[in-house]
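Student: Structure in structure tokens, see below.
The values are calculated or read from the model by the stated rules, or taken from the named source; none is laboratory data. Nothing here was measured: the structure is a model prediction, and the numbers come from that model. All Cβ positions, glycine included, derive from the backbone under ideal geometry; neighbour counts span all protein chains shown.
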Amino acid sequence: MKKNKKIRFDFLTVFPNILDSYWQESLWKRAMARGIIEVNFHNLRDYSLEKHRKVDDRPFGGGPGMVLQIEPIYRALKKINARKKGRVILLSARGKKFSQKDALRLSKYDQIIFLCGRYEGVDERVALNIADEEISVGDYVLSGGELPAMVIAEAVARHREGFLGKAESLEEVNGSFATYTRPPVFYPEKNNKRRSWRVPKVLLGGNHKEIETWRRRA
């Protein structure tokens with residue numbers, strides 16, 4: 001788990017309020033209150049010089065939809081790229097697929113800026129000249145980059161000291177395994193005691209060596 005000063009997440013999007021509620025709950029709320037995490041949302045339209053705050057235009061060569069322009073993105077990054085040890089990530093269906101190794105690697109940075117695309121995409125000059133890397137969260141297409149950015153941010157934040165209650169909460173420490181809790185016997189049909197779903201006996205016996213062996217096999 002990364003020991004360092006707080007990490008800053010910046011989301012550049014045309015919908016800056018789309019993820020607001022998520023950061024005000026649970027681990028994120030506590031982490032921000034304790035100064036472990038900083039989260040900032042930036043409205044791309046604030047960096048438009050166009051009268052109506054327009055940030056997209058028709059694609060050269062024709063085709064459906066609109067494309068986010070490079071100019072407001074460039075101006076925004078000039079202002080919010082505050083830390084030397086930072087990383088600019090463009091969320092894209094054409095990007096490299098995100099992995100747990102990427103989460104650990106990115107947790108070593110002090111700032112991560114997420115460029116959240118919308119509409120038919122982002123001017124390719126952003127990927128070629130501005131973004132440090134282009135990332136996808138899976139082999140499917142979403143309406144925008146906000147949800148993928150949130151997924152990556154959480155996967156990264158879990159590796160920062162203090163974000164989780166215990167370092168052991170990281171699945172990669174002991175691996176992922178089947179887990180159970182009370183009651184030890186559950187009856188799905190209230191009046192039928194012959195049908196029951198039970199917790200494996202090994203988990204109830206208190207023999208930690210046997211439990212670890214079971215977990216590796218389960």
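Student: From the list 103, 76, 82, 93, which residue is part of a loop (DSSP other than H, G, I, E, B) and under 22 Å from the mean Cα position of the chain (by Cα)? Give the steps one after another, and end with the answer.
Tutor: On the way: 103 fails: part of a loop (DSSP other than H, G, I, E, B); 76 fails: part of a loop (DSSP other than H, G, I, E, B); 93 fails: part of a loop (DSSP other than H, G, I, E, B).
Selected residue: 82, the only one of 103, 76, 82, 93 that is part of a loop (DSSP other than H, G, I, E, B) and under 22 Å from the mean Cα position of the chain (by Cα).
Student: Follow-up question, since we're still on this one. Hand me the list of helices (runs of 4 or more DSSP H) wholly inside the stretch 113-218 holding 2 or more residues that are in contact (Cβ under 8 Å) with a residue 12 or more places away in the chain, of a type outside the set (Ser, Thr, Tyr) and under 23 Å from residue 9 (Cα atoms). Spell out the reasoning first.
Tutor: On the way: elements: 124-129, 146-157, 171-174, 208-217.
Of the helices (runs of 4 or more DSSP H) lying wholly inside the stretch 113-218, those with at least 2 residues that are in contact (Cβ under 8 Å) with a residue 12 or more places away in the chain, of a type outside the set (Ser, Thr, Tyr) and under 23 Å from residue 9 (Cα atoms) span 124-129, 146-157.
Student: Just to be sure I understand the filter: pairs with C-beta atoms under 8 Å, separated by 6 or more residues or on different chains, first member in the stretch 48-77 and closer than 14 Å to residue 123 by Cα, second member basic (Lys, Arg) and loosely packed, with under 15 Cβ neighbours inside 10 Å. Which pairs pass?
Tutor: Sorted first by the residue in the stretch 48-77, then by its partner, the pairs are 66/58; 67/58; 70/125.
Student: Of all residues in the stretch 33-58, which are among the β-branched types (Val, Ile, Thr) and over 19 Å from the mean Cα position of the chain (by Cα)? Can you show your working first?
Tutor: Quick first cut of the stretch 33-58, residues among the β-branched types (Val, Ile, Thr) only: 36-37, 39, 55.
Passing the criteria: only 55.
Student: Would you call residue 118 basic (Lys, Arg) and within 30 Å of residue 69 (Cα to Cα)?
Tutor: Answer is yes for this residue.
Student: Is it the case that residue 78 is at pLDDT below 95 and under 18 Å from residue 8 (Cβ atoms)? Before you say what the answer is, go through the steps one by one.
Tutor: Values: at pLDDT below 95: yes; under 18 Å from residue 8 (Cβ atoms): yes.
So residue 78 passes the test.
Student: Of all residues in the stretch 1-45, how many are in a helix (DSSP H, G or I), of a type in the set (D, E, K, R) and loosely packed, with under 15 Cβ neighbours inside 10 Å?
Tutor: 3
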